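Read through the structure below, which is laid out as structure tokens, and then see the notes.
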Amino acid sequence: MSYQEKTISNHNFEECTKCTICTLYCPVMKVNPLYPGPKQAGPDGERLRLKNPWFFNYALKYCMNCKRCEVSCPSGVGVADLIQSARIKYDKSAPKLRDRMLASTDFMGKLARPVAPLVNFGTSLGITKTALDWTLGIDHRRSFPKYSGRSFESWLKKHASKQAAFPEQVAYFHGCYVNYNNPQLGKDLVKVLNALGIGVQLLDGEKCCGIAMITNGMSAQATKHAKHNVAVLGKAVDAGLKVVATSSTCAFTMRDEYRSLLGVDNSAVRDSILMATRYIYEKLENGAKLRFKPDFHLKAAYHTPCHMEKMGWGVFTERLLRMIPGLELTVLDSACCGIAGTYGFKKENYASSQAIGEELFKHIREADPEVVACDCETCKWQIEMSTGYTVMNPISILAEAIED
Amino acid sequence: MKQNEFDVIILGGGITGAGTHRDCCLRGLRSLLIEKKDIATGATGRNHGLLHSGARYAVNDPESAEECIRENMILRRIAAHCVEETDGLFITLPDDDLGYQKTFVDACRKAGIDAQIIDPELARRLEPSVNPALIGAVKVPDGAVDPFRLCAANMLDAQLHGGQVRLGTEVTGFIREGDRIVGVHTVDRRTGENADYYAPVTVNAGGIWGHGIAAMAGVEVGMYPAKGALLIFAHRVNNYVINRCRKPSNADILVPGDTVCIIGTTSTRIPFEECDDVAVTPDEVDLLITEGAQLAPALSSTRILRAYAGVRPLVSADNDPTGRSISRGIVCLDHAQRDGLEGFVTITGGKLMTYRLMAEQATDAVCRMIGVYKASYTENTPIPGSQVKSYEEVAGKIWEKPSAAQKSAASRMGTRAADISEGDASVICECEEVSAAELKLAIDRLSASTLTDLRRRTRVGMGTCQGQFCACRAAGLLAEAHGCVEKERRDLADFLQERWKGNFPIGWGDTLREAEFTQWTYKHVLGL
């Protein structure tokens, strides 16, 4: 009948059948009684907010945006998107100074880089941590990522002509972390790709992907970044390049959050943005060869970051790692580490953050690997701080495993 | 006076009966209300929930229009927590005659309705869901009213003023002394017990069933039933009431009410035998969606929650088969004057909007008959819960942790929400955010004895899951209150069957998926 065809809902939140599976998979609900949970905060809350914005609940800020609710939803409801969109739409309170600082990873990196040793020394001191806790509400128990004195961008620019000589080319979205904190990871990627005969290019001036801005109430700035990045990504894609990333959150943000939370059309570039692990795995599957060190041995445990779960790409990293001869791999049961980017740095979230991560920490201690492999830098900070185990990006492990 | 003797007996627990009961109690009468089923089971609970400004009637029925706007303003004052002051739009679409707008606005102003012609562009800004093709718009003081809440609050106030209520009690006959009705024979439909009640006046406020009640008393009230079908959408598409600026027709009112919005209605004459079980047909669903999408195109891609129909108690005046041209005016019959039957009053016609005025007229008639000379003061007396200054403040008083249930309770109960501040904050109905405390209060104070009764008083089970999760939880509370699990098991089955009845006519897409899921849960997991 005609009306049956006509009235299929366009509203994603109406596809929720209230099965409540998402509440079982929500890491926050298990530890924080103040959080109403994904079903209430998402599709249920949406109806109430449409009735009256008064029903917006500030407890939605406890959502870590891990997207595990969306992964678990059998009806394909964008639960976390609903929650983050509601925060963007209804939370009109200005972000705190702390949140602005935490969110501005790009800006803070630029500030810290020239005086990196000083900053690193300063942030490792107990007194600095106490001061940050008191003045800004950044938890004093947190360890801070170290800054590097030289940015990855300036390093790669120096090697641009050498990279351009490779017959095949790929663009690299390095993100703030590689640029300011860990240029070595970028160099590791270059080493691996070069070994495959692929040269690495920078984008024409990338900006921070903006995820920390989105979750810290700075969506207007995030949208500016998104538009800029879509434009520079577009240039690379137009030139026939794939764009690889080593940070799962950067890749996920540009692929999914731009579109669903910021309303920025990324359709022209979305499918060309890949995790480096997926890109390399597919190359190897299609016959490309890497020369592995014959005597390489490492016991590693792979932790799948939440956003890797959401993209469904953990399997590529896992397969890639399994291709390394001499790598003894345990895949850890999927669980959130609890940091969720800037979330765990906040004093009010510290206890929840550590409680959420405890399950994962336990699995790691049980596996007792030499290193934990993980595609996400904030997971790395959390795991290293909370368990003492070293965490390496799978690309760095691969770089170590191949011949120089 | 004996236990079973009263000043007045009121038959019918709809809004007219509840309002009359309250007015009688406020005027100091000992009043008994008898209802066959539960409050608001007839037309009261089966309409749009539109707080008419009267604009719809302004052109054809100016008297009704004047009554509407007057009562509209009174209800905003005395029933604030039952009313949402949304305002409404009367839109002219390209197919409509824009010339009608002037006739309409003139008629509105004459009736005292503040109707303002606004620019179509402004209308699109005020109400983004409105059909963007509109060529004209008039803004009027329409609103939304929750009829269940209004009815329950009237009942509660009557109770607080000494009124008594027998729900689930059917009148089986009248007790006569010559040409006078002096009481009623009743049977309790749940226990089967018979009881007689006496009063010098009996008021027939039975809505469409008033026709049969009058016949039982031996008098003829020429009523005829006009069925109106409506659809409930799963969320609010619009925030203004949207009407068509043309001669009243089918499916031309879209009302935002609480968490949903409702499109209606149709108007079809049906036989009296069908009044107890009206079903919505596929043609009606088709018509409602097609016409509804003219008002707000988004309706054609919004999930439909339920279809339902009510029966208007129209009083015959001419031979119009649709009932559209009949006055919705109030009919208050003193059967002593009309038929020579003493002690019997019928109050009918009218509409939800004018219930208070109907109640006032009926109570005036009662007072006249028993020689009590007191004027009604319901016009200026707030019903319980409505003295709300700020919902934020009310919400803040219930429980410590801010939650959606707390805000929902405040918006549903108004100041009465203070009564649950000590209660159990566990959420029973997750879609509509109803707490255990709110349900327990409805069981204890608003005489709810089944799940359906609870639904009418609290919105439990009215959300998108249609009782899938809340029904068994709420059944647990009822079983505890009544100390009987077996009875509650049957009630649960009845409730789910009733929910399915509303899903059936629109059973496709997400609604069907959800209904299937409910069936699996109750049949296969819980073994019901």
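Here r is the Cβ-Cβ distance between A:HIS140 and A:TYR90 and R0 is 25 Å; the resulting FRET efficiency, rounded to 0.05, is 0.20. Gyration tensor over the Cα atoms of region A:213-310: the corresponding equivalent ellipsoid has semi-axes (square roots of 5 times the eigenvalues, largest first) of 30, 18, 10 Å. Placing a label point 7 Å from the Cα of B:ARG490 along the Cα-to-Cβ line, the residues of region B:189-210 whose backbone N sits under 13 Å from it are B:189-192. Look at where the Cα atoms of region A:178-194 and of region B:499-518 average out, and the two centres are 55 Å apart. Too long at a 23 Å Cα-Cα cut-off: which of A:LYS347/B:LYS401; A:LYS39/A:LYS224; A:LYS67/A:LYS187; A:LYS39/A:LYS96? Listed pairs above 23 Å: A:LYS39/A:LYS224; A:LYS67/A:LYS187; A:LYS39/A:LYS96. Centre-to-centre, using Cα atoms only, region B:232-290 and region B:444-483 are separated by 26 Å.
Principal axis extents of the C-alpha atoms in region B:391-525 (largest first, rounded to whole Å): 41, 35, 23. Taking every residue in A:292-304 and counting other chain Cβ atoms within 10 Å of its Cβ, the average works out to 0. Shown for the protein assembly as shown is the translational diffusion coefficient from the Stokes-Einstein equation, using the Kirkwood radius over Cα pairs, a temperature of 25 °C and a viscosity of 0.890 mPa s: 78 µm²/s. The B and A chains share an interface that buries close to 3300 Å² of accessible area, total over both sides, probe 1.4 Å.
Ordering B:THR302, A:TYR62, B:VAL525 by the projection of their Cα atoms onto the charge dipole of the protein assembly as shown, which places +1 on the Cβ of Lys and Arg and -1 on the Cβ of Asp and Glu, puts A:TYR62 at the extreme positive end. Looking only at other chains, what is the average number of their beta-carbon atoms within 10 angstrom of each beta-carbon in B:290-297? Mean shielding count: 1.
Among A:MET323, B:GLN159, A:PHE144, which residue has its Cα furthest toward the positive end of the charge dipole of the protein assembly as shown, with +1 on Lys/Arg Cβ and -1 on Asp/Glu Cβ? Farthest along the dipole direction, towards plus: A:PHE144. Taking the protein heavy atoms of the protein assembly as shown in the context of the full set of protein chains, the accessible area attributed to carbon and sulfur is 53 percent at 1.4 Å. When peptides A:356-367, A:150-161 are sorted by average Cβ neighbour count within 10 Å, with the highest value leading, the order is A:356-367, A:150-161. Excluding same-chain neighbours fewer than eight residues apart, the aspartates and glutamates reachable from A:LYS157 by a Cα-Cα span under 14 Å are A:ASP204, A:GLU206.
Which one, B:PRO282, B:GLY463, B:ALA410, is farthest towards the positive end of the dipole of chain B when Lys and Arg carry +1 and Asp and Glu -1 on their Cβ? Checking the options against the dipole of chain B, the answer is B:ALA410. Here region A:122-245 is treated as a sphere whose radius is the Kirkwood value from Cα pairs; by Stokes-Einstein at 10 °C and 1.306 mPa s it diffuses with a coefficient of 97 µm²/s. Counting heavy atoms of the protein chains alone, A:ASP256 has an accessible area of about 20 Å² for a 1.4 Å probe. For the protein assembly as shown, the solvent-accessible area works out to 39 Å² per residue, with a probe of 1.4 Å and every protein chain left in place.
Within chain B, what is the longest stretch that has no GluC sites (Glu not before Pro) placed in a DSSP loop and near at most 16 other beta-carbon atoms within 10 Å?
Details: sites that count: B:GLU85, B:GLU193, B:GLU220, B:GLU400, B:GLU422.
That would be B:221-399.
Partner aspartates and glutamates whose Cα lies under 12 Å from the Cα of B:LYS139, excluding those fewer than 8 positions away in the same chain, are identified as B:ASP87, B:ASP114, B:ASP119, B:GLU127. Roughly speaking, what is the centre-to-centre gap between region B:161-188 and region A:50-122 when only Cα atoms are used, to the nearest Å? Result: 64 Å between the Cα centres.
Short-range pairs are left out: with C-alpha atoms under 8 Å and at least six residues apart, the relative contact order of chain A is 15 percent.
Across region B:9-28, the residues whose backbone nitrogen lies under 12 Å from the label position 7 Å along the beta-carbon direction of B:HIS161 are B:19-28.
Suppose every Lys and Arg Cβ carries +1 and every Asp and Glu Cβ carries -1, with no other charges. What dipole size does the protein assembly as shown come out with about its Cα centre, to the nearest 20 debye? Mind dumping the intermediate values first?
Working: 109 positive and 111 negative charges, 594 e Å.
The calculation lands at about 2860 debye.
Taking the Cα atoms of chain A, the ratio Rg/Rh between the radius of gyration and the Kirkwood radius comes to 0.96. Model label points for A:THR130 and A:MET323, set 7 angstrom from Cα along the Cα-to-Cβ axis, are 5.2 nm apart.
Classify region A:291-401 as rounded, prolate or oblate, taking a ≥ b ≥ c as the square roots of the eigenvalues of its Cα gyration tensor: rounded when a/c is under 1.5, otherwise prolate if a/b is larger than b/c and oblate if not. Prolate is the answer for region A:291-401, as a/c is 1.5 or above and a/b outweighs b/c.
Return the calculated 222 nm mean residue ellipticity for chain B, to the nearest 500 deg cm²/dmol, obtained by summing -39500 (n - 2.57) across DSSP H runs with n ≥ 4 and dividing by the residue count. Walk me through the intermediate numbers first.
On the way: 17 runs with 186 residues, N = 528.
About -10500 deg cm²/dmol.
If R0 is 41 Å, the Cβ-Cβ spacing of B:ARG338 and A:LEU24 corresponds to a FRET efficiency of close to 0.05.
Placing unit charges on C-beta atoms (Lys and Arg positive, Asp and Glu negative, everything else neutral), compute the dipole magnitude of region B:20-108 about its Cα centre in debye, rounded to 20.
Working: 11 positive and 15 negative charges, 144 e Å.
Computed about the Cα centre, the dipole is about 700 debye.
With +1 assigned to the C-beta of every Lys and Arg and -1 to the C-beta of every Asp and Glu, and no other charges, what is the dipole magnitude of region B:391-525 about the Cα centre in debye, to the nearest 20? Spell out each step's value before the answer.
Numbers: 19 positive and 21 negative charges, 61 e Å.
Here the size comes out at about 300 debye.
Sites counted here are trypsin sites (Lys or Arg not before Pro) in a DSSP loop (not H, G, I, E or B) having no more than 10 other Cβ atoms within 10 Å; the longest part of chain B that contains none of them is B:3-388. In this label model, B:GLU121 and A:LYS362 are separated by 6.4 nm, measuring between points 7 Å along each Cα→Cβ vector.
Go ahead and estimate [θ] at 222 nm for chain A from helices alone: -39,500 (n - 2.57) per DSSP H run with n ≥ 4, summed, over the residue count, rounded to 500.
On the way: 22 runs with 191 residues, N = 404.
Using -39500 (n - 2.57) per qualifying helix, the result is -13000 deg cm²/dmol.
Can you give the % of DSSP beta bridges in chain B that are antiparallel, to the nearest 5? Antiparallel: roughly 75 percent of the beta bridges in chain B.
Restricting the calculation to alpha carbons of chain B gives Rg and Dmax of 22.5, 67 angstrom.
Can you tell me the FRET efficiency between A:ALA220 and B:GLU170 if r is taken as the Cβ-Cβ distance and R0 is 51 Å, rounded to the nearest 0.05? Each step should come with its number before you reach the end.
Numbers: r = 64 Å, r/R0 = 1.26.
Between A:ALA220 and B:GLU170 the formula returns 0.20.
The values are calculated or read from the model by the stated rules, or taken from the named source; none is laboratory data. As the structure is a computational prediction, the values presented were derived from the model and not from experiment. Glycine also receives a Cβ, built like all others from the backbone with ideal geometry; neighbour counts cover every protein chain displayed. Just so you know, the surface numbers come from the protein's heavy atoms only, side chains and all, with ligands and any DNA or RNA stripped out. Shrake-Rupley method; radii C 1.70, N 1.55, O 1.52, S 1.80 Å.
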